[in-house]
1. So what J values fall out for the stretch 170-178 if you push phi through Karplus, 6.51 cos²θ - 1.76 cosθ + 1.60 with θ = phi - 60°, rounded to Hz, Gly and Pro as x?
2. Residues with amide H under 5 Å of ASN296's amide H, sequence separation 5 or more or different chain, H placed in the peptide plane at 1.01 Å from N; which?
3. With θ set to phi - 60°, apply the Karplus curve 6.51 cos²θ - 1.76 cosθ + 1.60 along the stretch 183-192 and write out the HN-Hα couplings as whole Hz, x wherever there is a Gly or Pro.
4. Can you give the Rg to Rh ratio of the stretch 164-299, both from alpha-carbon atoms, with Rh computed by the Kirkwood formula?
5. Around VAL291, which amide H atoms from residues at least 5 apart in sequence, or from another chain, sit under 5 Å from its own amide H, with H modelled in the peptide plane?
6. Quick check: with the 1.4 Å probe, what order do MET158, MET171 take by accessible area, largest first?
7. Applying the Karplus parametrisation 6.51 cos²θ - 1.76 cosθ + 1.60 with θ = phi - 60° to the phi angles of the stretch 229-240, what ³J(HN,Hα) value in whole Hz is obtained for each residue in order, glycine and proline being reported as x?
8. Heavy atoms only, probe 1.4 angstrom, no DNA, RNA or ligands counted: give me SER166, SER292 ranked by accessible area, highest first.
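The values are calculated or read from the model by the stated rules, or taken from the named source; none is laboratory data. From a predicted model like this one, the values you see are computed outputs, not experimental measurements. Heavy atoms of the whole protein, side chains included, go into the accessibility calculation; ligands, DNA and RNA do not. Shrake-Rupley method; radii C 1.70, N 1.55, O 1.52, S 1.80 Å.
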Amino acid sequence: MDAAEEPSRSKGPDHSPWRRLARATGESVQRAGRAVPALTGTPFARTVATAMSSRPHARAASSVLLGASLLTTGLRYGGREAKRLKAAGYGSSLDEHSDRRDVRDDASRAARVPVPGDPAALDLDELVHVHGRRLPRIMAASGIVTALGRQGREQRVMDRSHAVGSLHTVMVSERDAVRVALPWTRLCVDTDSAASALSILDQRHLDVVVALPGRAPGEYEADLRLLLPGALPALPPALADRPRLRLHLLGRGRVAYDDGADAVTLDGVAHAYRGSLLLAGGRVVRAELWVSDRFNAPAWVVNNLG
């Protein structure tokens with residue numbers, strides 16, 4: 001698979017990352033007789049741009065034909081993960097598996113985990129639960145929450161559904177390396193939770209890029225602007241004492257702070273991508289951004305009409 005062979009015409013809610021970065025830098029390289037924008041900026045920005053410009057990948061037959069169903073997930077509906085998150089919050093596996101000799105704080109523990117070439121270090125169960133169950137349900141409910149004027153209030157999330165996923169390291173070709181494209185970690189999730197309350201097309205396949213913002217002050221601020229041009233929204237008082245939180249990027253200017261038990265939806269927060277940000281100590285330490293959200297038609301037919 002050629003991870004970033006050509007810019008996609010339909011990736012993400014914003015314009016092509018290649019064009020956006022080119023406008024910012026004015027730099028390009030020559031390929032096949034035409035100018036192609038060169039990737040510049042921080043490693044995080046280049047990783048995200050590489051992922052957002054990747055082509056759809058080949059999938060296993062079980063993913064295409066069965067998707068997220070009883071046959072692929074068994075009797076697991078997310079109850080175990082939901083119970084753990086409610087009790088311990090996000091990133092509890094970081095506490096269980098961290099090497100205390102060289103990692104001394106929450107931000108360091110979270111930041112050391114997702115590196116290309118080592119996706120096994122991530123907590124796959126938590127990632128699948130977040131992107132396959134919890135985040136789609138919060139997205140689907142956000143319009144209703146906004147319409148009812150319940151922004152800023154804690155809402156309990158019903159996060160029980162079928163979801164299954166896997167982690168992969170995506171390498172780049174030599175010609176894309178010329179553009180300074182970077183390898184990236186891809187989370188694949190099959191879910192039967194749609195991100196819209198009006199959708200009956202509930203078999204979805206998600207591709208998610210997992211990447212780390214920079215930790216140096218200038219680099220971190222540049223990466224945060226890529227995610228949230230207006231900076232992080234103020235924490236709701238009810239969640240202010242949580243050591244680790246997620247800020248879900250829901251699209252349409254809506255975001256939600258989530259402590260693993262309750263979510264607080266906020267409106268009017270500009271952002272370029274949908275996905276979820278892991279926060280520790282008030283800083284974004286990991287970004288998980290949706291590269292694609294595709295309807296899985298064969299699995300929908302098998303599970304609903306078969």
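1. Taking θ as phi minus 60°, the curve returns 9, 8, 10, 6, 4, 5, 6, 5, 4 Hz for the stretch 170-178.
2. GLN203, ARG204, HIS205
3. Here the 3J(HN,Hα) series is x, 8, 9, 10, 9, 9, 9, 9, 9, 9 Hz.
4. Rg/Rh: 0.99.
5. Those qualifying (amide H under 5 Å, at least 5 residues apart or on another chain) are ASP207, VAL208, VAL209.
6. The most accessible residue leads, giving MET158, MET171.
7. Listing the rounded values in order: x, x, 6, 5, x, 4, 5, x, x, 5, 10, 5 Hz.
8. Sorted descending by solvent-accessible area, the residues read SER166, SER292.
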